[in-house]
Amino acid sequence: NKKTFLFTGSLGISINKIENLIRKLGGKILATVSSNLDYLIVGKNPGIKLKKAQALDIKIINEEEVLKLLKM
């Protein structure tokens, strides 16, 4: 089962770098919050995506947690 990810807010490391790693490991980057989303990665100053994800009970993780998940 390929996991899906989306970002909101600014992260300390390059979002492109994390996206490329997610894709390399078989994951998928989504453009919007939906029930198909597995993880919302939240940085500083998150936007409306955070509220939408909370309403849909999506797993919300921070930068450190995504790096652990991807074993970086």
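The values are calculated or read from the model by the stated rules, or taken from the named source; none is laboratory data. Keep in mind it's a predicted model, so treat the numbers as computed, not measured. As a convention, Cβ positions derive from the backbone with ideal geometry for all residues, glycine included, and neighbour counts pool all protein chains shown. For accessibility, only protein heavy atoms count, side chains too; no ligands or nucleic acids. Shrake-Rupley method; radii C 1.70, N 1.55, O 1.52, S 1.80 Å.
Side notes on the structure shown:
- Net charge of Cβ neighbours under 11 Å - reference Asn36; Lys, Arg +1; Asp, Glu -1: +2
- By DSSP, the beta bridges lying fully in the chain are antiparallel in about 10 percent of cases.
- Cα-based convex hull, the chain, per residue volume (Å³, whole number): 79 Å³
- Relative contact order for the chain: 37 percent, from Cα pairs under 8 Å spaced at least 6 residues apart, divided by residue count.
- At a probe radius of 1.4 angstrom, the accessible area of the range 30-72 per residue rounds to 69 square angstrom.
- About its Cα centre, the dipole of the chain is roughly 180 debye, where the only charges are +1 on Lys and Arg Cβ and -1 on Asp and Glu Cβ.
- Of the cross-linked pairs Lys2/Lys71; Lys51/Lys71; Lys2/Lys24; Lys44/Lys68; Lys17/Lys52, those separated by over 22 Å at the C-alpha level are Lys51/Lys71; Lys17/Lys52.
- Other-chain or far-sequence residues with amide H under 5 Å of Asn62's (modelled H): Val42
- For the range 18-33, 3J(HN,Hα) computed residue by residue from phi via the Karplus equation (6.51, -1.76, 1.60; θ = phi - 60°) reads 5, 4, 4, 5, 4, 5, 4, 8, x, x, 10, 9, 9, 8, 9, 6 Hz, glycine and proline entered as x.
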